[in-house]
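These notes concern the structure reproduced below.
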């Protein structure tokens with residue numbers, strides 16, 4: 001467990017662009033089972049994460065999730081199942097001492113904010129995430145309030161700055177005894193837990209001293225203000241100081257019972273037997289393959305930016321794959337990293353959306369390897385090939401290279417797409433008039449970022465073309481989309497003749513065109529731009545009943 005983690009909600013967090021998913025992913029990667037989010041004098045970080053999850057769940061319930069949002073909520077669920085994430089705060093008591101209050105995930109965020117107000121955090125500082133909050137509550141009162149509210153009370157970094165057990169402080173021994181022996185205090189977080197010798201904090205508070213008779217549980221936490229340890233080693237990352245705890249089950253109740261127990265052997269410092277696996281370095285050992293590509297640079301100069309887009313396009317057209325930016329394929333070269341990952345991710349998302357057609361959902365995140373950040377793009381195998389850059393350049397992946405597709409490869413991609421298109425089944429029209437044999441039908445419509453994308457069926461041959469917009473459509477398709485978007489059909493205003501009806505008749509280039517409607521169960525199908533040579537059977541009778 002690592003019970004002392006900050007987020008961008010803390011004013012002194014060192015990586016403000018880090019997301020809450022990034023924090024959970026890093027905790028999982030470091031092998032943690034339990035984490036606590038403990039921002040300075042606020043629960044704004046935990047609240048923001050939970051609000052994001054609840055908003056995604058609401059959109060899912062309403063059926064309005066975009067593909068990238070669906071991926072995000074699924075990732076949140078996976079990580080929240082893998083980790084016990086506890087809400088809490090790092091409170092600044094009178095005289096500047098820091099105290100961790102950690103609570104059950106069942107605790108309402110409003111209740112935590114009420115506790116902070118009880119501890120005299122000013123209302124205007126409740127979301128500031130600052131360690132400087134003026135005159136608050138004394139240490140002993142803070143212990144009692146947090147404990148009585150059902151929380152775990154830990155004196156943060158007790159043997160160092162802002163710690164209640166730091167040596168050479170300018171207060172008397174009785175005060176130090178009170179601050180470290182109070183019955184409402186459950187543990188001391190220390191920075192020397194893995195050291196041996198008589199002068200360690202754990203040894204000092206082992207109950208052997210007459211003036212400190214209560215043995216104190218000592219644990220360690222990272223106090224992470226960033227995802228991973230800084231290059232100079234001065235700032236720790238998530239999981240860099242970890243405590244192992246013996247639990248019958250991974251739950252808050254079981255954890256609090258340990259902190260209330262007198263058996264100090266149930267917690268101990270934890271270090272993995274070997275360094276955690278660097279997954280990025282591991283995949284570099286295989287170099288560029290049919291499913292992965294590496295780019296050390298990402299500027300426009302020398303075509304590097306276009307090469308990244310070409311790989312994305314190629315993976316979508318082939319078997320899917322992963323693009324890594326900020327390191328070369330040579331595992332022996334040190335990664336150069338990415339200076340501003342958040343800005344790069346925004347640029348990639350915008351360029352992929354603008355230049356690659358049809359629309360393609362690519363998951364983009366930040367990874368860390370050898371102390372530097374790199375950007376990873378996970379590209380799915382597209383279900384609507386061929387995918388193209390700037391509407392015309394189609395790429396495929398072969399072994400470890402991306403190449404422009406040749407004719408036969410393009411034909412194969414088209415056939416793959418057609419195989420995935422569901423044609424109208426026989427039972428859709430069983431017992432109904434067969435649709436007209438000319439014109440177009442809009443069979444599906446999706447909204448993405450304010451733009452409507454339509455799937456169009458050509459009634460001549462039954463072919464379906466997806467992702468057609470008002471802007472990209474031409475002639476008859478454009479007409480159909482304009483009518484569908486601006487003048488949706490109201491079934492109650494249609495003059496029905498059985499299950500078919502005439503919506504409108506118009507002249508186009510001297511030829512009569514009909515917009516026809518048909519009921520199939522609860523569905524109303526609309527056929528736009530039907531010409532006379534496509535009308536048959538009952539449709540001919542219907543049209544014949546109409547007068548100019």
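The values are calculated or read from the model by the stated rules, or taken from the named source; none is laboratory data. Remember, it's a predicted structure, so these values are computed and weren't measured experimentally. Positions of Cβ are backbone-derived with ideal geometry, glycine not excepted, and every protein chain shown enters the neighbour counts.
Things worth noting here:
- Selection count, the range 360-393, where residues are within 26 Å of residue 419 (Cβ to Cβ), in contact with a helix residue (DSSP H, G or I) (Cβ under 6 Å, 6 or more places away or on another chain) and not in a loop (DSSP other than H, G, I, E, B): 3
- Condition check for residue 47: closer than 30 Å to residue 142 by Cα and out of contact with any strand residue (DSSP E or B) (no Cβ under 6 Å at 6 or more places or on another chain): yes
- Of all residues in the range 406-424, those satisfying the criterion of being at pLDDT below 90 and in contact with a strand residue (DSSP E or B) (Cβ under 7 Å, 6 or more places away or on another chain) are 409, 421.
- Residue selected from the range 96-108 under the condition touching a helix residue (DSSP H, G or I) at 6+ places or on another chain (Cβ under 8 Å) and surrounded by fewer than 15 Cβ atoms within 10 Å (Cβ to Cβ), by the criterion nearest to residue 3 (Cα to Cα): 105
- Candidates are the residues of the range 137-159 that are surrounded by fewer than 21 Cβ atoms within 10 Å (Cβ to Cβ) and out of contact with any helix residue (DSSP H, G or I) (no Cβ under 6 Å at 6 or more places or on another chain); the one that is farthest from residue 253 (Cα to Cα) is 137.
- Any hit, the range 125-142, residues being in a loop (DSSP other than H, G, I, E, B) and either free of Cβ contacts under 8 Å to residues at least 12 places away in the same chain or not assigned by TED's automatic domain parsing to the domain that holds residue 40 (or both): no
- The condition (being touching a helix residue (DSSP H, G or I) at 6+ places or on another chain (Cβ under 8 Å), over 18 Å from residue 90 (Cβ atoms) and surrounded by 15 or more Cβ atoms within 10 Å (Cβ to Cβ)) is satisfied by just one residue among 284, 217, 203, 268: 217.
- Given (1) in contact (Cβ under 8 Å) with a residue 40 or more places away in the chain; (2) touching a strand residue (DSSP E or B) at 6+ places or on another chain (Cβ under 9 Å); (3) surrounded by fewer than 21 Cβ atoms within 10 Å (Cβ to Cβ), number of the condition residue 19 does not satisfy: (1)
- Restricting attention to the range 484-503, the residues that are touching a helix residue (DSSP H, G or I) at 6+ places or on another chain (Cβ under 8 Å), part of a loop (DSSP other than H, G, I, E, B) and under 17 Å from residue 530 (Cβ atoms) add up to 0.
- Flag for residue 162 being assigned to a loop (DSSP other than H, G, I, E, B), surrounded by 17 or more Cβ atoms within 10 Å (Cβ to Cβ) and assigned by TED's automatic domain parsing to the domain that holds residue 39: yes
- Within the range 495-547, being out of contact with any strand residue (DSSP E or B) (no Cβ under 8 Å at 6 or more places or on another chain), under 22 Å from residue 444 (Cα atoms) and surrounded by 11 or more Cβ atoms within 10 Å (Cβ to Cβ) holds for one residue alone: 520.
- When residue 227 is tested against (1) assigned to a loop (DSSP other than H, G, I, E, B); (2) touching a residue at least 40 places away in the same chain (Cβ under 8 Å); (3) not assigned by TED's automatic domain parsing to the domain that holds residue 174, only condition (3) is not met.
- Filtered residue count, the range 439-470, keeping only those that are in a loop (DSSP other than H, G, I, E, B) and modelled with pLDDT under 85: 6
- Residues in the range 112-122 that are outside any loop (DSSP other than H, G, I, E, B) and either under 27 Å from the mean Cα position of the chain (by Cα) or crowded, with 21+ Cβ neighbours inside 10 Å (or both): 112, 113, 115, 116.
- Here the range 74-94 is the region considered, the condition is being more than 19 Å from residue 253 (Cβ to Cβ) and in contact (Cβ under 8 Å) with a residue 60 or more places away in the chain, and the residue that is surrounded by the most Cβ atoms within 10 Å (Cβ to Cβ) is 90.
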